[in-house]
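*Asks:* The structure's right below; bear with me while I get my questions together.
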Amino acid sequence: MTLSLRTVRTPVVSTPDRRRSAGPSRTDGWWPWAFVAPLFLGVCVFYLWPIAQTVYFSFTKFGVFGGQTWIGADNWVRLIQDPDFYRAILNTLIYSGIVLLGIPVAVFLASLINRPGLKFASLYRVLFFLPYIAMPVAISLVWRMMFNGDFGIINYVLSLVGIDGPHWLSTPGLALISVSLVGFWGSFGLAILILGAGLKNIPTELYEAAELDGATPWRRFRSVTVPLLSPSVFFVTIITIIGSFQLFDALYAMLGPNNPVMPATQSLVFYFYETGFIRNDKGFAATIALAILVIIGIVTFLQFRLQKRWVNYD
Amino acid sequence: MTSPTLRMPGAQRSPGRGSEAKRYGSHLFAHIVLVLGGLAMALPFLWQLIMSLSSNAEVTSVPPTFIPRELRFDNYLAVFDVMPFFSQLGVSIWITVIRVVVQIVLCTFAGYAFARMRFRGRGLMLALVLAILMVPSQVYLLSQYQIVQNLGLLDTVAGIVAPGLFSAFGTFLMRQFFMGLPAELEEAARLDGANPFQIFWKIMLPLTGPAVSALAILVVLFSWNELLWPLVVSTRSDAAPLSVGLASLAGVPTVNYPVLMAASVLTMAPILILFIVLQRRVIEGLAFTGIK
């Protein structure tokens with residue numbers, strides 16, 4: 001309500017004389033505040049204040065009937081000693097690792113789709129984009145059927161080559177692999193799009209020169225495409241890792257929240273959800289949330305440090 | 001720009017090879033790879049459709065039944081008995097529409113101010129907004145839940161929608177867009193005595209089409225598909241959006257598989273159809289946001 005009052009009041013405050021003095025010293029009176037205030041107040045209430053609160057929560061224990069008691073660093077000590085936490089980190093890293101394997105494939109696919117004059121290119125792009133558009137819960141349920149140990153189509157295909165397929169989604173290690181494969185399957189659309197834009201920025205003269213020198217397509221790919229595309233690859237790597245660290249929907253839908261293999265398979269975000277909203281241990285969940293922030297921060301920092309070794313920015 | 005080393009030992013070996021023939025050959029290879037890849041993308045959707053039209057016995061048969069004996073469209077009707085589909089569809093549509101409209105308005109205004117206006121505290125406010133982009137949603141989720149609970153908004157559209165009305169990402173996107181527009185546009189209007197609001201409304205707003213549609217596409221996708229936040233704030237199934245409804249349907253043991261598949265088709269269909277109709281715009285829009 002205060003927001004609209006502010007917006008309405010502002011015209012009165014506008015200063016006509018200021019407007020005439022265009023140039024570096026120009027200010028826009030109260031207008032900028034009216035433009036920014038609705039968004040900024042919302043951001044304060046729903047984002048900035050909650051972040052501060054979460055930090056506070058991480059030092060408290062939530063009572064059964066509401067209210068928090070200060071317990072110092074207990075949650076943090078507990079987190080550091082909690083084997084489930086390390087398991088969740090490991091699971092999240094395994095998932096991210098498998099999804100990241102899609103990036104080299106996406107580079108290859110993008111270089112094919114973006115060949116000048118290739119027919120059906122937009123159809124291919126749409127196909128690779130389908131998994132990105134589809135609701136993760138819905139498509140994960142389809143994969144849940146396909147991975148079914150008794151009648152799933154995946155085990156049927158394996159049986160054709162003489163392999164007796166396992167119960168994918170109820171075997172601890174395999175459940176995570178199954179979910180990761182679905183993540184891998186869905187990772188191409190956005191990557192191809194970003195890499196495609198990167199490919200368009202590579203001057204065609206370089207390819208022509210390479211062709212004149214007799215470079216094979218493979219050689220052109222390796223010596224022209226790969227180095228000049230490395231900034232886009234780096235960007236895709238960053239967003240893939242950040243996205244992978246948010247693994248929740250696919251896990252929830254493919255395994256089901258009450259699956260016995262969940263404790264051994266859960267990601268950091270599922271661990272957070274389970275702690276905060278199933279076990280209702282919100283103080284500890286706040287600690288996990290902050291730990292996720294720290295871990296993503298460290299991983300992203302490491303990537304920026306390592307990029308000097310392989311990203312080509314000339 | 002350092003040109004990569006292109007000279008190689010075998011360079012002289014193929015002086016006479018016709019580049020046209022080579023192109024044709026390599027395009028054939030590209031088509032083979034892309035068709036196989038495209039099939040790998042599309043087959044789960046096709047299989048989903050087939051399962052949704054089969055009987056439960058056919059879905060659980062070994063070997064699988066690839067072509068159902070008869071197409072059972074009544075699986076789709078059964079969906080409406082096992083979940084409050086239309087209330088959930090209503091919730092999904094409401095939260096998506098409200099978010100799109102409000103985010104576009106707020107982000108466009110704020111993005112413009114951050115890009116083109118001068119005021120005290122601009123740098124600090126922008127830094128605070130952008131800092132949120134680096135924070136995973138879990139960090140504010142617990143407290144957002146408390147706020148929504150204290151306002152008595154659990155199980156309401158307002159509760160699901162509230163935090164998502166304010167988007168740091170959208171603000172950043174719009175700011176980047178406005179930064180890229182030439183300053184002369186505003187200068188001329190300013191000399192004519194237009195006030196900042198008139199400049200924004202009459203000169204800048206009409207140019208925002210590409211950025212606004214890109215933002216709208218992202219918000220629609222995100223809003224429709226999101227699970228964690230609505231799962232947390234909706235306890236009653238008729239107050240939940242489709243994503244939550246479908247996820248909980250999967251946990252009901254009495255629901256048979258074809259009906260579950262039919263429900264998943266119905267749930268994702270609106271967005272998939274929208275995407276296929278608007279594919280060019282969607283892909284351009286996402287490219288716009290991905291690269292900016």
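The values are calculated or read from the model by the stated rules, or taken from the named source; none is laboratory data. The structure displayed is predicted, hence computed values, not measured ones. Quick reminder, even Gly has a Cβ in these numbers, built from the backbone with ideal geometry, and neighbours come from all protein chains shown.
*Asks:* Just the residues that are surrounded by fewer than 18 Cβ atoms within 10 Å (Cβ to Cβ) and either more than 30 Å from A:ASP249 (Cα to Cα) or in contact with a Leu (Cβ under 9 Å, 6 or more places away or on another chain) (or both), please, taken from the stretch A:185-210.
*Replies:* Passing the criteria: A:LYS200, A:ASN201, A:ILE202, A:PRO203, A:THR204, A:GLU205, A:GLU208, A:ALA209.
*Asks:* Here's a follow-up. Among the residues of the stretch A:112-119, is there at least one that is β-branched (Val, Ile, Thr) and either modelled with pLDDT of 95 or more or in contact with a helix residue (DSSP H, G or I) (Cβ under 8 Å, 6 or more places away or on another chain) (or both)?
*Replies:* Scanning the stretch A:112-119 turns up at least one residue that is β-branched (Val, Ile, Thr) and either modelled with pLDDT of 95 or more or in contact with a helix residue (DSSP H, G or I) (Cβ under 8 Å, 6 or more places away or on another chain) (or both).
*Asks:* Within the stretch B:51-84, can you find the residues that are in a helix (DSSP H, G or I) and surrounded by 19 or more Cβ atoms within 10 Å (Cβ to Cβ)?
*Replies:* B:MET51, B:SER52, B:GLU58, B:VAL59, B:ASN75, B:VAL79
*Asks:* Same structure, new question: Scan the stretch B:186-223 for residues that are within 30 Å of A:PRO136 (Cα to Cα) and more than 15 Å from the chain's Cα centre (by Cα) and report the count.
*Replies:* Residues that pass the stated criteria total 2.
*Asks:* Of all residues in the stretch B:145-169, which are within 9 Å of another protein chain (Cβ to nearest Cβ), crowded, with 18+ Cβ neighbours inside 10 Å and not in a loop (DSSP other than H, G, I, E, B)?
*Replies:* If the condition is that a residue be within 9 Å of another protein chain (Cβ to nearest Cβ), crowded, with 18+ Cβ neighbours inside 10 Å and not in a loop (DSSP other than H, G, I, E, B), then B:TYR145, B:ILE147, B:PRO163, B:GLY164, B:LEU165, B:ALA168 are the ones that fit.
Each row is one residue, and each column tells you yes or no for (1) of a type in the set (Lys, Arg); (2) surrounded by fewer than 24 Cβ atoms within 10 Å (Cβ to Cβ); (3) over 23 Å from A:ALA106 (Cβ atoms).
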{"position": "A:THR240", "(1), (2), (3)": "no, yes, no"}
{"position": "A:GLN246", "(1), (2), (3)": "no, yes, no"}
{"position": "A:GLY276", "(1), (2), (3)": "no, no, yes"}
{"position": "A:LYS282", "(1), (2), (3)": "yes, yes, yes"}
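*Asks:* Sticking with this one: Quick one: would you say A:VAL224 is crowded, with 19+ Cβ neighbours inside 10 Å, of a type in the set (A, V, I, L, M, F, W, C) and at pLDDT 90 or above?
*Replies:* No: the conditions fail for A:VAL224.
*Asks:* Right, here's the next one. Can you tell me which residue in the stretch A:123-174 is farthest from the other protein chains (Cβ to nearest Cβ), limited to those that are under 26 Å from B:PHE222 (Cα atoms) and small (Gly, Ala, Ser)?
*Replies:* Checking each candidate, the answer is A:SER140.
*Asks:* So in the stretch B:227-253, with the set limited to residues that are at the interface with chain A (Cβ under 8 Å from one of its Cβ atoms) and outside any helix (DSSP H, G or I), which one is nearest to B:GLY90 (Cα to Cα)?
*Replies:* Applying the filter and picking the extreme gives B:LEU227.
*Asks:* Which of (1) within 30 Å of B:GLU226 (Cβ to Cβ); (2) among the aromatic types (Phe, Trp, Tyr); (3) more than 9 Å from chain B (Cβ to nearest Cβ) is the odd one out, the single condition A:TYR207 does not satisfy?
*Replies:* Here A:TYR207 meets the rest and fails (1).
*Asks:* Just for helices (runs of 4 or more DSSP H) wholly inside the stretch A:210-282: which have at least 3 residues that are more than 19 Å from B:GLN138 (Cα to Cα) and facing chain B (nearest Cβ under 9 Å)?
*Replies:* A:217-220, A:226-244
*Asks:* Go through (1) in a helix (DSSP H, G or I); (2) at the interface with chain A (Cβ under 10 Å from one of its Cβ atoms); (3) surrounded by fewer than 16 Cβ atoms within 10 Å (Cβ to Cβ) one by one and return the number of the condition B:GLY123 breaks.
*Replies:* The single condition B:GLY123 does not satisfy is (2).
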